[in-house]
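Beneath this line is the structure, given in structure tokens, with notes to follow.
Nothing in this text is a laboratory measurement; each read-out follows from the coordinates by a stated rule. Treat the numbers as computed from the prediction; the structure is a model and nothing was measured. Glycine also receives a Cβ, built like all others from the backbone with ideal geometry; neighbour counts cover every protein chain displayed.
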Amino acid sequence: MKERFGERIRRLRTEQKLGLREFATKVGISPTYLSRIETSEEKAPPAEDVIRKMAAQLSDSFDELMTLAGRVSEESLNVIKADSGMPEFLRTVGERKLSAEDLMKLLPNEPKKGKR
Amino acid sequence: MTFKVPFRSDAQIESAVQELLRQYAKAKGEPPRPPIPVDAIAESVLGLTLEMGDLRKKLGKPDVLGATWLDDALVVIDSSLEGNEGRYCFTLGHEVGHWQLHRPLREMDKVTFPLFSREPGAKATAAIVCRDGQRDSAEIQADKFAALLLMPASDVRAAVKLVSGEPLAIDNFVARKKAGERIAELRDFAAEVIAKGGFTNVSNQAMQIRLEALKLVVDGAQGRLF
């Protein structure tokens with residue numbers, strides 16, 4: 001079964017020996033809220049800036065954490081909003097079940113930016 | 001719901017605390033200094049999972065401060081203590097006390113613990129639920145454990161030395177305390193000991209009790225003997 005957002009945060013936090021209150025302070029949230037996130041008691045995903053701080057503290061991929069949290073970053077939304085053809089393009093990608101990896105292969109060879 | 005535990009002397013509790021502090025020193029490479037890092041002791045040294053949550057609502061008890069689920073190695077501190085460093089740390093120290101002193105009794109089948117669900121509707125498992133003002137022997141032992149853990153005798157004595165060099169003598173201390181008087185000299189002395197000793201995660205009231213237990217506060221007549 002796929003690891004949930006909160007489970008991943010707790011796993012990485014404890015692997016890195018970061019305490020509940022210590023980590024909550026570092027990402028600017030309350031320990032109670034962090035507990036609610038880790039136990040999936042909190043239904044709404046955390047704000048983007050909180051996920052960004054969590055990713056930085058845990059040296060984890062921001063994009064992957066955003067996906068696990070069911071969030072789309074402001075940056076991605078801006079890309080979609082900037083091009084009226086983008087919604088249809090994304091619908092087509094979804095219908096044809098193309099992965100991000102499939103689409104990346106279509107792009108000309110450029111130095112990889114690496115995961116964020 | 002309470003559970004009965006065997007008698008433990010203060011010396012036995014002190015010995016259990018010293019053993020835990022030694023474990024911390026071994027894991028971290030140096031002995032802990034005040035403020036004693038009780039979070040790290042619980043999470044890193046003992047491997048307990050720590051959560052903060054609305055225990056009062058979940059357990060339907062209005063005065064719950066903390067709870068420990070023994071099979072899950074889980075300690076939950078009530079959210080009402082968030083931001084109250086002294087009470088939070090004392091409650092966590094208290095739960096650590098239950099874990100160290102009372103969990104082995106379950107493993108030896110000496111004590112049957114009451115069952116509580118972590119969430120409404122979830123399966124109930126063995127847990128120790130701690131409420132404000134409980135005075136049964138298990139709770140008293142856990143309170144002593146927390147006090148000894150957060151305020152090690154040697155550190156408190158060293159801080160008193162820095163403050164005055166001698167125990168605080170208060171005129172008619174016993175009688176005034178018996179009368180329920182809030183003694184300003186004691187409160188101020190405890191505040192100075194907290195400041196000089198770096199006991200920033202200890203409440204003034206907890207330090208007053210500890211000073212008295214260590215006989216660092218004495219009745220005026222006795223104090224003059226020092």
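A few notes on this one:
- Counting neighbouring beta carbons within 10 Å and listing from fewest to most, the residues B:Phe145, A:Phe89, A:Phe5, B:Phe116 come out as A:Phe89, B:Phe116, A:Phe5, B:Phe145.
- Look at the dipole of the protein assembly as shown built from charges on Cβ: of B:Gln12, A:Ala44, B:Leu214, the Cα furthest out on the positive end belongs to B:Gln12.
- In this structure, the pairs whose alpha-carbon distance is over 23 Å, taken from A:Lys17/B:Lys61; B:Lys26/B:Lys110; A:Lys17/B:Lys26; A:Lys17/A:Lys53, are A:Lys17/B:Lys61; B:Lys26/B:Lys110.
- Rounded to the nearest 20 debye, dipole of region A:63-112 from Cβ charges on Lys, Arg, Asp, Glu: 160 debye
- For B:Lys178, the lysines whose Cα comes closer than 18 Å to its Cα, not counting residues fewer than 8 places off in the same chain, are B:Lys215.
- The residue list B:Ala179, B:Ala138, B:Pro62 was ranked by how far each Cα lies along the charge dipole of the protein assembly as shown toward its positive end, using unit charges on Cβ atoms, and B:Ala138 comes out on top.
- By the count of neighbouring beta-carbon atoms within 10 Å, fewest first, B:His94, B:His102 end up ordered B:His102, B:His94.
- Placing unit charges on each Cβ (+1 for Lys and Arg, -1 for Asp and Glu) gives region B:46-117 a dipole about its Cα centre, and among B:Met52, B:His98, B:Pro114 the Cα reaching farthest toward its positive end belongs to B:Pro114.
- Degrees separating the helix B:85-101 axis from the principal Cα axis of chain B, which is the longest one: 60 degrees
- Think of each Lys and Arg Cβ as +1 and each Asp and Glu Cβ as -1; about the Cα centre, that makes the dipole of the protein assembly as shown roughly 300 debye.
- In this Cβ point-charge picture (+1 for Lys and Arg, -1 for Asp and Glu), region B:153-222 has a dipole of about 160 debye about its Cα centre.
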